[in-house]
Amino acid sequence: MQTNVVKQLNQAMQAVMKTARVQVIAKMGTHLTVAEKTSRRDLVTNVDHSNEDFLVHQIRELDPDAHILAEEGTGDQVDTMAGHVWIVDPIDGTMNFVHQRNHFAMMVGLYVDGEPTLGYIYDVMANKLYAGGPQIGVTLNNEPLVAPANLDLSAGLFGASAPLLIQNRFNMQTVVAQSLGPRIMGSAGIQISQVLAGELVGYLSYLRPWDFAAGRVLAESLGLVVTRVDGTPVDMLSSGAVLIATKRAQRSILAIV
């Protein structure tokens, strides 16, 4: 895409995300309808559905020929990354949303012929909107975001997935022991944004495409690496253990897992 087109789309999408935030916060004061998807720890609410409806509708207005992969199924059946593909997570961290009313995010990523193009992570309650892509850079609330220092695992805090840590999958307990300590938030969007901000040197979790699509765009634009847990490239249409980290931290982690 031409840079001027990317810039225009970025501004329009940031406005959409800000409107979505206002609507989500307003609905937090109303009755929530909560249902289980696969287990009592995997929830979905009426706000997930209504926010996804809004985001998908707005994306179709901005990019009519695009395909949309959305967590709750409002979008399209996407089996190829050809053309424009938007990947939407309307509420990331629904358990936090329901029980804490905090520490949840909205995430949207755009890929053009498989290439990361634009990404948005909105920490709703902190009102922090991370936005941008490789052509235009990354901003936090419209201010340029400086790339985080390329710290090693031993020099920083590590974003851990609770199930992976408890079960010691991928030697997660050793990874954590070699860092300055684990941080667990229950939201991929929040923890990825902390990596973007340099608050964590990495984050490892089992993620679905909508969990890491936006984060990949932003992280790679800042010089961070996003791979599978074995260091191979991620597949944007598949789920798996995904690592987002500084380059030095990634090398240390891959030697452990």
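The values are calculated or read from the model by the stated rules, or taken from the named source; none is laboratory data. All values derive from a computational prediction rather than experimental measurement. When we count neighbours, we look across all protein chains shown, and the Cβ atoms used for this are built from the backbone with ideal geometry, even at glycine. These area figures cover heavy atoms from the full protein model, side chains too; ligands, DNA and RNA do not enter into them. Shrake-Rupley method; radii C 1.70, N 1.55, O 1.52, S 1.80 Å.
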Computed over all unlike Cα pairs, the Kirkwood hydrodynamic radius of the chain in Å stands at 18.1
With θ set to phi - 60°, apply the Karplus curve 6.51 cos²θ - 1.76 cosθ + 1.60 along region 130-147 and write out the HN-Hα couplings as whole Hz, x wherever there is a Gly or Pro. 8, 8, x, x, x, 7, 10, x, 10, 10, 10, 6, 6, 9, x, 9, 6, 4
Summarise the long-distance tail of P(r) for region 50-195 by giving the % of C-alpha pairs beyond 24 Å. 43
State the number of lysine pairs found in the chain whose Cα atoms come within less than 22 Å, restricting to pairs 8 or more positions apart or on distinct chains. 6
For region 17-116, compute Rh as the Kirkwood radius over C-alpha pairs and then the Stokes-Einstein diffusion coefficient at 10 °C and 1.306 mPa s; write the answer in µm²/s, rounded to an integer. 112
Place the peptides 177-185, 214-222 in order of packing, highest mean first, counting for every residue the other Cβ atoms within 10 Å and averaging per peptide. 214-222, 177-185
Charge dipole (debye, nearest 20) of region 92-165; +1 at Cβ of Lys and Arg, -1 at Cβ of Asp and Glu: 280
For the chain, which whole percent of the accessible surface, found with a 1.4 angstrom probe, sits on carbon and sulfur atoms? 49
Starting from 0.36 nm per residue, how many nanometres of slack lie between D230 and D42 once their C-alpha separation is accounted for? 65.0 nm
Chain lengthening between K128 and V34 when straightened (0.36 nm per residue, less Cα-Cα): 31.3 nm
Describe numerically, in nm with one decimal, the distance between label points set 7 Å from Cα along Cα→Cβ at V146 and at N168. 4.0
Which value, in Å², gives the accessible area per residue of region 67-213 when a 1.4 Å probe is used on the protein heavy atoms? 38
Separation in nanometres of the label points that stand 7 Å from Cα toward Cβ, at T3 and R251: 3.1
Could you tell me what percent of the DSSP beta bridges with both partners in region 125-214 are antiparallel, to the nearest 5? 55
With all protein chains modelled, accessible area of D63 [1.4 Å, Å²]: 20
If amide H atoms are built 1.01 Å from N in the plane of the peptide, which residues on other chains or at least 5 residues away come under 5 Å of the amide H of R183? F158, G159, A160
